[in-house]
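Following: one structure in structure tokens, then a few remarks.
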Amino acid sequence: MQEILEEMRRLTAHAENRPTETGIPGILMVKGEIPEHKLGAVYEPMVNLILDGSKRLTIAGRDYDYDPTTYFVMSIDMPATGMVRQAGPDRPYIGVSLALDPARVAALLIDLPPQTYQDGQTGGYCVCRMTPELLDAWLRMLQLMERPQDIPALAPAYEREILYRVLQGPQGWILRDIAAPDSALSRIRLAIRWVREHYAEAVEVEKLAGLASMSVSAFHRHFKAVTAMSPIQFQKRIRLLQARQLLIAQSGNASSVAYAVGYESASQFTREYARFFGRPPARDVSSIREDIRPAA
């Protein structure tokens with residue numbers, strides 16, 4: 001596996017310290033130091049693989065650490081913060097990701113026999129142990145960067161194999177559920193998308209439950225099982241991440257931004273912002289701007 005990782009690091013050596021296009025549909029790469037505020041975002045469904053260094057994502061107050069011996073699967077839109085670590089002074093962090101398309105997962109499932117999973121399996125994200133077969137499929141996918149003429153014909157086949165290997169893993173049910181329109185996870189995804197698109201509006205749980213075709217009590221139960229948060233907590237994290245982006249990009253003060261993202265109390269916004277990001281808005285944004293200011 002180490003030889004495969006070395007080859008994949010060579011293939012991605014030209015990646016930048018931001019999501020970088022590979023020329024392969026759905027595949028992004030990133031390399032180097034990434035400021036923590038850049039990792040505070042709403043992450044979309046993906047399979048994320050670390051080639052060097054390690055990464056920590058914090059979701060709903062819980063830390064998820066992974067490195068080249070593991071990979072991360074996320075099947076829903078989730079607000080998270082994170083940080084990356086280099087493997088050493090001359091070994092920057094390198095990561096690659098595959099965006100998950102429920103339609104492609106569904107097309108693959110048609111050709112697979114039914115698979116049973118243990119009762120009580122819930123959640124929309126997890127860290128899984130890497131396998132030689134999955135790593136080999138990723139290698140062949142990344143090698144297409146050196147053979148762009150082969151991408152249209154072979155990338156879909158390699159993506160299919162990557163998805164297949166993830167489906168065969170211990171947490172494959174997460175991937176399977178996003179392709180089943182009647183699964184609880186798929187129905188919760190509809191509500192999550194609504195909250196993300198209407199984050200500044202008041203959350204009406206009855207409306208969200210209706211979108212998910214569930215009773216209010218069932219919706220609360222399934223939403224918490226998938227996200228580890230209540231709908232209100234989920235919305236607050238979306239609002240805070242959006243507020244941080246606005247504060248960095250604009251010259252508005254914290255109060256105006258608080259109201260823009262849906263808060264009715266500026267003081268409550270400041271308290272919750274400091275609790276989530278570790279610093280009050282003004283100090284946090286000042287530090288970020290100092291970090292990104294071009295050298296004289």
Set LEU49, LEU11: member being more than 13 Å from the chain's Cα centre (by Cα), buried (at least 19 other Cβ atoms within 10 Å of the Cβ) and within 24 Å of LEU139 (Cβ to Cβ): LEU11
Which of the residues belonging to the stretch 241-274 are surrounded by 13 or more Cβ atoms within 10 Å (Cβ to Cβ) and aliphatic (A, V, I, L, M)? LEU241, ALA243, LEU246, LEU247, ILE248, ALA254, VAL257, ALA258, ALA260, VAL261, ALA266, ALA274
For residues that are outside any loop (DSSP other than H, G, I, E, B) and either in the same structural domain as ARG237 (by TED's automatic domain parsing) or among the hydrophobic types (A, V, I, L, M, F, W, C) (or both), tally how many sit in the stretch 49-87. 12
Can you pull out the residues in the stretch 262-278 that are under 26 Å from the mean Cα position of the chain (by Cα) and either at pLDDT below 95 or more than 16 Å from ARG196 (Cα to Cα) (or both)? PHE269, THR270, ARG271, GLU272, TYR273, ALA274, ARG275, PHE276, PHE277, GLY278
Matching option when the condition is within 21 Å of the chain's Cα centre (by Cα), more than 30 Å from PHE269 (Cβ to Cβ) and surrounded by fewer than 13 Cβ atoms within 10 Å (Cβ to Cβ), among PRO152, PRO113, PRO148, PRO170: PRO170
If you go through the stretch 213-226 one residue at a time, how many are buried (at least 24 other Cβ atoms within 10 Å of the Cβ) and of a type outside the set (A, V, I, L, M)? 1
Being surrounded by fewer than 15 Cβ atoms within 10 Å (Cβ to Cβ), assigned by TED's automatic domain parsing to the domain that holds THR22 and over 20 Å from LEU5 (Cα atoms), is that true of even one residue in the stretch 186-204? no
Collect the residues in the stretch 85-110 that are surrounded by 12 or more Cβ atoms within 10 Å (Cβ to Cβ) and within 27 Å of ALA225 (Cα to Cα), keeping them in residue-number order. SER97, LEU98, ALA99, LEU100, ASP101, PRO102, ARG104, VAL105, ALA106, ALA107, LEU108, LEU109
Is at least one residue of the stretch 114-123 outside the structural domain of GLN242 (by TED's automatic domain parsing) and either closer than 23 Å to LEU142 by Cβ or among the small types (Gly, Ala, Ser) (or both)? yes
Inspect the stretch 227-234 for any residue being of a type outside the set (A, V, I, L, M) and surrounded by fewer than 19 Cβ atoms within 10 Å (Cβ to Cβ) and give the result as yes or no. yes
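The values are calculated or read from the model by the stated rules, or taken from the named source; none is laboratory data. Just so it is clear, the structure is predicted and the values come from calculations on it, not from any experiment. With ideal geometry, Cβ positions are generated from the backbone for all residues, glycine too; neighbour counts draw on all protein chains shown.
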